[in-house]
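Below is one structure, written out as structure tokens; comments come after it.
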Amino acid sequence: MIELKEISKRYGDTVVFDRFSMTVESGKILAVVGNSGSGKTTLLNILCGLIEADGKVFSDETGFSYIFQNTTLVPSLTVKGNLDLVLKHKIPDRVTREKLIGEMLQSVELEALADRYPLTLSGGQAQRVSMARAFAYPASAILMDEPFKGLDLRLKAKLIASFHALWEKERRTVVFVTHEIEEALLLADRIVVLGGAPARIIGDFEPGVDRASRIAGDPRFSQLRAEIYDRFYREN
């Protein structure tokens, strides 16, 4: 479990969080939905210790890996080289690393592109490399910052399916921030909606419907969608 307790953070005169509290259940996918500027990225950075804040952060997780909106792949390294770069200091044995890299690239259907460079990849391919890198890294929690932003609906759905297939194998703890309610609905076990300034939780939902039924349009899921949209736009 990860717990934020009475967190406060400000940038100059702008108060992002004021005594904000939230828990993240281990082995679940939590989506945090909010408008641009609502503190979503700041929240991720506080969770993994990249920035300091007043209050307490308690975590049982053994490290974090990150999937960004922009893929942050190293242009001068191949696809497999980018995965190897983050693993070298965690897995000293080269043969073991190569085996893991091969398995992860196979999982995202990119093994044929292992020797390609990032600039030759499509946006969707590059994001799948980022996913493979995050899951290859030996951390028990994954943080995602708008990883599907700017993608067309078809590609977005494919990447969400790829991510969920990877997650099903190990069920790591995931905190996923987005301004797109539909992304949260398709992927998350729990959806927290942020609103206001400073940010506060204005909605907390658990879909309670398996992901296949969500895609198929289960009536319970349609009702949940309407409730989240109503809360989001009424409070923002």
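The values are calculated or read from the model by the stated rules, or taken from the named source; none is laboratory data. Only a predicted model underlies this, so the values are computations on that prediction, with no experimental measurement involved. Don't worry about glycine lacking a Cβ; one is built from the backbone with ideal geometry, like all the others, and counts go over all protein chains shown. These accessible areas exclude ligands, DNA and RNA; they are computed on the full protein's heavy atoms, side chains included. Shrake-Rupley method; radii C 1.70, N 1.55, O 1.52, S 1.80 Å.
For segment 189-208, the set of residues classified as surrounded by 18 or more Cβ atoms within 10 Å (Cβ to Cβ) and among the hydrophobic types (A, V, I, L, M, F, W, C) consists of Ile191, Val192, Val193, Leu194, Ala199, Phe205, listed by residue number. Among the residues of this structure, Val33 counts as one that is touching a strand residue (DSSP E or B) at 6+ places or on another chain (Cβ under 8 Å) and open to solvent by less than 30 Å² (accessible area, probe 1.4 Å).
If I go through segment 6-30 residue by residue, how many of them are under 19 Å from the mean Cα position of the chain (by Cα) and crowded, with 19+ Cβ neighbours inside 10 Å? Quick ask: steps written out before the conclusion?
So the first thing to find is which residues in segment 6-30 are under 19 Å from the mean Cα position of the chain (by Cα), and the list is 22-30.
Then drop every residue that is not crowded, with 19+ Cβ neighbours inside 10 Å, which leaves 22, 24, 29-30.
Qualifying residue count, segment 6-30: 4.
Where helices (runs of 4 or more DSSP H) fall entirely within segment 46-161, those with at least 1 residues that are basic (Lys, Arg) and loosely packed, with under 13 Cβ neighbours inside 10 Å are at 94-107. Selection over segment 125-168 of residues that are without any contact (Cβ under 8 Å) to a residue 40 or more places away in the chain and within 28 Å of Arg94 (Cα to Cα) gives a count of 4.
Can you tell me which residue within segment 62-79, out of those that are at pLDDT below 90 and touching a strand residue (DSSP E or B) at 6+ places or on another chain (Cβ under 7 Å), is farthest from Glu25 (Cα to Cα)? Break it down into steps so the answer makes sense when it comes.
Residues of segment 62-79 that are at pLDDT below 90, as a first pass: 62, 68-72.
Then drop every residue that is not touching a strand residue (DSSP E or B) at 6+ places or on another chain (Cβ under 7 Å), which leaves 68-69.
On the way: Phe68: 22, Gln69: 24 Å.
Only one residue fits best here, namely Gln69.
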